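A short write-up of the structure that comes next.
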Amino acid sequence: MRVECKKDFLLKALDLTTRVASRSHTLPILQCVRIEASPDGGLEIRATNLEIGTIVRGVAKVETPGIVAVPA
């Protein structure tokens, strides 16, 4: 995955989504933030703790689309 986006958007989106990410040790994937870059130039960042979830969408220059889960 290769993406270019504005730094301000990325910082605000990660700030919002990491607040929702769980600190659960029973399901380690809940400690991650999912970032998806689609071929149409969309960037989606999401997180959940199984009670609430958040999705932040924005525009980015996507060279190679993909999905990745990174630790919050």
(request) Would you mind working out the magnitude of the charge dipole of region 1-59 relative to its Cα centre, with +1 at each Lys and Arg C-beta and -1 at each Asp and Glu C-beta, to the nearest 20 Debye? (result) 140
(request) Give the label of the value calculated from the structure for log10 I(q)/I(0) by the Debye sum over Cα atoms at q = 0.12, 0.24 Å⁻¹, choosing from (1) -0.39, -1.08; (2) -0.41, -1.31; (3) -0.30, -1.01. (result) (3)
(message) Quick check: the angle from helix 7-20's long axis to the longest principal axis of the chain, C-alpha only, nearest 10 degrees?
(response) 20
(message) Show me, for region 58-66, the HN-Hα J-couplings you get by feeding each phi into the Karplus relation (A = 6.51, B = -1.76, C = 1.60, θ = phi - 60°), rounded to Hz, glycine and proline as x.
(response) x, 9, 8, 8, 9, 8, 10, x, x
(request) Measure off, as a whole percent, the carbon and sulfur share of the 1.4 Å-probe accessible area of the chain, all protein chains present. (result) 56
(message) What do you get for GluC sites (Glu not before Pro) in region 29-68 restricted to DSSP loop and a cutoff of at most 12 other Cβ within 10 Å of the site's Cβ?
(response) Glu51
(request) Can you send over the solvent-accessible area of Arg34, 1.4 Å probe, protein chains only, in Å² to the nearest 10? (result) 80
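The values are calculated or read from the model by the stated rules, or taken from the named source; none is laboratory data. What you see is a predicted model; the values in this text were computed from it and never measured. Cβ atoms come from the backbone with ideal geometry, glycine included; neighbour counts cover every protein chain shown. What goes into the accessible areas is simple: the full protein's heavy atoms, side chains included, and nothing from ligands, DNA or RNA. Shrake-Rupley method; radii C 1.70, N 1.55, O 1.52, S 1.80 Å.
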